[in-house]
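**Q** Dropping a structure here in structure tokens format, bear with me for questions.
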Number of protein chains: 2
Amino acid sequence: MSILVVGSVAFDTIETPHGKRERCLGGAATHFALAASFFTDVRVIGVVGDDFGVTEEAVFAKRGIDITGIEHIPGGKSFHWKGSYEGALNEAKTLATDLNVFADFSPKIPEAYRDSEYLFLANIDPVLQARVRTGMPDVRMVAGDTMNYWIADHRENLLKTLAMLDTLIINDGEARMLSGEHNLVKAAQAVMNLGPKSLVIKHGEYGATAFFCERSFAGAPKDVKPFRAPALPIEEVVDPTGAGDSFAGGFYGYLASQKELTPAVFRTALFYGGVMGSFCVEKFGTERLQNTTREEIEERFELFREISHLDFQIQ
Amino acid sequence: MSILVVGSVAFDTIETPHGKRERCLGGAATHFALAASFFTDVRVIGVVGDDFGVTEEAVFAKRGIDITGIEHIPGGKSFHWKGSYEGALNEAKTLATDLNVFADFSPKIPEAYRDSEYLFLANIDPVLQARVRTGMPDVRMVAGDTMNYWIADHRENLLKTLAMLDTLIINDGEARMLSGEHNLVKAAQAVMNLGPKSLVIKHGEYGATAFFCERSFAGAPKDVKPFRAPALPIEEVVDPTGAGDSFAGGFYGYLASQKELTPAVFRTALFYGGVMGSFCVEKFGTERLQNTTREEIEERFELFREISHLDFQIQ
């Protein structure tokens, strides 16, 4: 089934201990769409300027991603982010954020997108997230992301969006900030009380934990149950930019590709999230996502099972 | 088969957001021994003062732990540690360290301990660790722990001990400090190059990763393979003191209870480590370890499988 994703399409200038890349294609919607495209049809709503041309369009086209919803602002410039990572590679230092045309982003839903069954609200202003969600009343499922900026300074708007979500996908720090609870289980419970019917908390190199219960989806257990998926221990993290969005794309893409949402499907989706995140960090920007295959994805999925399952026969 | 553990037997004064306990029985060897005692015979070498009496002896006796190797120094006082945990509960603030009789600890191996098949060198001076290891030349396996203090200020001595180890069990920070590598896979490889044939790195609330390969044990894969075990997401961490030692006790106790060391046994042991660590933090000091049962342990083991395995049927 089709996923509609709304979010940033950007150019990233990235410096890590492994090198530097100027203006490579990035943005949350881009990483998400590429990762999800290996599992299901994806449609993107975003905004770009004149600097987004045939080269960038080809990246989406190659993966069969529908970008008729990416609005071009004539004379405008696309969102540009510049950041660097040092030693630990687990936190980006933002050097510049040029919002450009993204500053006035007003998502418009193309008619041809109206039959999308799954909606993903990538990390943008919660007011815009809510508007898109309201404009797509008939979707089967809505998932979303957010970040510290919206949690701290736009809480009221964010709470309205959270109330509309089936699944929220955030990281440890965001879960703690949003809930005011340090303990992860208490934080998860508090966040779910704000609206999301299920919750995925990403732990970076340590994997992710999902929380779900009876109201999350049919067939889910009565009480809140956690499920932990590992991350692949990776020797060479070249560039972590977009890993979280690639995780979300793999997770949600797999969900949307399945007939029914069951606990088993939800757990499997979490593993595919980890798989796509692990590919993302192997090269700069979206380079690795652009050049992976479904076979490689299945191979790595088996590797994820191997490193986490007791009864797996290691060769 | 029997495990001989050498390490601290102490009294801990602990303050956490859940309360305060004065002088409860603690020490690395104590937590380790209690956790391992649910799987196999355990013998302890340590040193205590006059304050260690029948009440403390009874704790070990109840679990069938042999403490003839715990030396009593007449007129002496046992090691006393005082610490507090705040909000995050993931780092202890040491308020006092009274080494007392532990300052002159000189481990002596009782004759009756000589047939122990498994040796665990808890976190003590690496010079003493090496001496005990040399005094037990016929053991089947040697595992050990260490800490930042020895890594930073006693590196040369520590390197001699590391060269004698089958398995080293440390946490993320220690692995990074010891190797000088931030990346966990590179850190693991570097630490294993120092001697340990296999390595377990604990990630606190995120679980643990084991690294092993052909030289680790018979039947292990040729290349270094990681295996990730989850930690149980716990709503109420009452007191994290001793969680790492309880993890080591569960891990090593299970290993020692098995006929052969295979990759499957190693992986299962890692899960039992997580199980015993998860019990430890539920109450102050060793209270929960003293009062668990093998049935509860098996139940929780199944819970660990449930929260991490794709094909597990969640009720």
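**Q** Select from the stretch B:202-230 all residues whose loss of accessible area on going from the chain by itself to the full protein assembly reaches 20 Å² or more (probe 1.4 Å).
**A** B:Glu205, B:Tyr206, B:Pro221, B:Lys225, B:Pro226, B:Phe227, B:Arg228
**Q** Right, next: Can you find, among A:Leu261, A:Val42, A:Ile73, the residue farthest towards the positive end of the dipole of the stretch A:3-306? Put +1 on the C-beta of Lys and Arg, -1 on that of Asp and Glu.
**A** Looking along the dipole axis, the top candidate is A:Leu261.
**Q** Taking all protein chains in place and a 1.4 Å probe, what share, in percent, of the accessible surface of the stretch B:3-306 do carbon and sulfur account for?
**A** 49 percent
**Q** Kindly give the semi-axes, whole Å and largest first, of the ellipsoid equivalent to the protein assembly as shown, taking each as the square root of 5 times a Cα gyration tensor eigenvalue. Walk me through the numbers on the way to the answer.
**A** Working: eigenvalues 484, 114, 96 Å².
Taking √(5λ) for each eigenvalue gives 49, 24, 22 Å, largest first.
**Q** Something else about it: For the pair B:Asp51/A:Glu298, report the inter-label distance in nm, with labels modelled 7 Å from Cα in the Cβ direction.
**A** 6.4 nm
**Q** Is there a simple number for the mean count of other chain Cβ atoms within 10 Å of the Cβ of residues in A:174-184, and what is it?
**A** Mean partner shielding for this stretch: 2.
**Q** Another question, if that's okay. Average the reciprocal distances over every distinct pair of alpha-carbons in the stretch B:35-74, invert the result, and give the Kirkwood radius in Å.
**A** On the way: mean 1/r = 0.0944 Å⁻¹.
The Cα-based Kirkwood calculation yields 10.6 Å.
**Q** In whole angstrom, how far apart do the alpha carbon centroids of the stretch A:34-73 and the stretch B:177-209 sit?
**A** A separation of 41 Å, based on Cα centres.
**Q** Still on this structure, please answer the following. Given a 1.4 Å probe and heavy atoms of the protein chains only, how would you sort A:Asp239, A:Asp98, largest accessible area at the top?
**A** Numbers: A:Asp239 0, A:Asp98 60 Å².
Putting A:Asp239, A:Asp98 in descending order of accessible area: A:Asp98, A:Asp239.
**Q** Report the residue of chain A with the smallest Cβ-to-axis distance, using the rotation axis that brings A onto B, in whole Å.
**A** Taking Cβ atoms only, the nearest residue and its distance are A:Tyr206, 2.
**Q** Pulled fully out, how much extra length does the chain show between A:Ala96 and A:Glu111, if you take 0.36 nm times their separation in residues and subtract their Cα-Cα distance?
**A** Numbers: separation 15, 0.36 × 15 = 5.40 nm, distance 3.53 nm.
Additional length available on full extension: 1.9 nm.
**Q** Can you give the accessible area per residue of the stretch A:3-306, in Å², using a 1.4 Å probe?
**A** Dividing the accessible area of the stretch A:3-306 by its residue count gives 38 Å².
**Q** Do you know which residues of the stretch A:239-275 lose at least 20 square angstrom of accessible area in the protein assembly compared with their chain on its own, with a 1.4 angstrom probe?
**A** A:Arg267
**Q** At most 14 other Cβ atoms within 10 Å and a DSSP loop assignment: could you name the GluC sites (Glu not before Pro) in the stretch B:180-244 that fit? Intermediate values should be presented prior to the final figure.
**A** Details: sites: B:Glu181, B:Glu205, B:Glu214, B:Glu235, B:Glu236; in loops: B:Glu181, B:Glu214, B:Glu235, B:Glu236.
Answer in residue order: B:Glu214, B:Glu235, B:Glu236.
**Q** Determine the shape class of the stretch A:197-273: with a ≥ b ≥ c the square roots of the Cα gyration tensor eigenvalues, call it rounded for a/c under 1.5, and otherwise prolate if a/b is greater than b/c, oblate otherwise. Before the final figure, lay out each step's value.
**A** Details: a/c = 2.64, a/b = 1.81, b/c = 1.45.
Prolate shape, in that a/c is at least 1.5 and a/b is the bigger ratio.
**Q** Here is a further query. Around B:Arg21, with a cut-off of 11 angstrom between Cβ atoms, what is the net charge of the other residues, counting Lys and Arg +1 and Asp and Glu -1? List each step's numbers first, then the result.
**A** Numbers: positive: B:Lys20, B:Arg23, B:Lys82, B:Lys283; negative: B:Asp12, B:Glu15, B:Glu22, B:Asp239, B:Glu287.
Here the charged neighbours net out to -1.
**Q** So, one more: Given C-alpha coordinates of the stretch B:146-301, what is the ratio Rg to Rh with the Kirkwood estimate of Rh? Don't jump to the answer; show the numbers that get you there.
**A** Working: Rg = 15.5 Å, Rh = 16.0 Å.
Taking Rg over the Kirkwood Rh, I get 0.97.
**Q** Using a label position 7 Å from Cα in the Cα→Cβ direction, what is the ascending list of nm distances from A:Ala96 to the same site in the other copies?
**A** Its label point is 5.8 nm from the equivalent points in the other copies.
**Q** Interface A/B, total buried accessible area with a 1.4 Å probe, nearest 100 Å²?
**A** Chain pair A/B: roughly 3700 Å² of buried accessible area.
**Q** Is the shape of the stretch B:75-181 rounded, prolate or oblate, going by the alpha carbon gyration tensor and its root eigenvalues a ≥ b ≥ c, with a/c under 1.5 for rounded and a/b larger than b/c for prolate?
**A** oblate
**Q** Quick query: amide H of B:Met141 versus all other amide H atoms, modeled in the peptide plane; which residues come in under 5 Å with a sequence gap of 5 or more or a different chain?
**A** B:Leu119
**Q** Among all stretches of chain B without exposed trypsin sites (Lys or Arg not before Pro) (DSSP loop, at most 14 other Cβ atoms within 10 Å), which one is longest? Present the calculation step by step, with values, prior to reporting the outcome.
**A** Working: sites that count: B:Lys108, B:Arg114, B:Arg140, B:Arg215, B:Lys222, B:Lys259.
Between the exposed loop sites, the longest stretch runs B:1-107.
**Q** Can you list the HN-Hα couplings for the stretch A:36-45, worked out from phi with the Karplus curve (6.51, -1.76, 1.60; θ = phi - 60°), rounded to whole Hz and with x for Gly and Pro?
**A** 6, 5, 7, 10, 7, 6, 10, 10, 10, 10
**Q** For B:Asn291, place a label point 7 Å out from Cα along the Cα→Cβ vector, do the same in each other copy, and report the separations in nm, one decimal, smallest first.
**A** Ordered by increasing distance: 6.0 nm.
**Q** Roughly how many debye, to the nearest 20, is the charge dipole of the stretch B:3-306 about its Cα centre, given +1 on each Lys and Arg Cβ, -1 on each Asp and Glu Cβ, and no other charges? All intermediate terms of the calculation are to be shown ahead of the outcome.
**A** Numbers: 31 positive and 42 negative charges, 168 e Å.
Dipole magnitude for the stretch B:3-306 comes out near 800 debye.
**Q** Right, next: Quick check on chain A: take the gyration tensor over C-alpha atoms, sort the square-rooted eigenvalues as a ≥ b ≥ c, and tell me if it's rounded (a/c under 1.5), prolate or oblate. Can you show the working numbers first?
**A** Working: a/c = 1.35, a/b = 1.14, b/c = 1.18.
Since a/c stays below 1.5, the shape of chain A is classed as rounded.
**Q** What ³J(HN,Hα) values, in whole Hz, does the Karplus curve 6.51 cos²θ - 1.76 cosθ + 1.60 give for the stretch A:62-67 when θ = phi - 60°, with x put for Gly and Pro?
**A** These are the phi-based 3J(HN,Hα) values: 4, 9, x, 8, 7, 10 Hz.
**Q** Kindly provide the helix-only [θ] at 222 nm of chain A, computed as the sum of -39,500 (n - 2.57) over DSSP H runs of four or more divided by all residues, to the nearest 500 deg cm²/dmol? Walk me through the numbers on the way to the answer.
**A** On the way: 11 runs with 110 residues, N = 315.
Result for chain A: -10000 deg cm²/dmol, rounded to the nearest 500.
The values are calculated or read from the model by the stated rules, or taken from the named source; none is laboratory data. Remember, it's a predicted structure, so these values are computed and weren't measured experimentally. Note: ideal-geometry Cβ built from the backbone for every residue, glycine included; neighbour counts use all protein chains shown. Accessible surface is based on the protein model in full, side chains and every heavy atom, while ligands, DNA and RNA are left aside. Shrake-Rupley method; radii C 1.70, N 1.55, O 1.52, S 1.80 Å.
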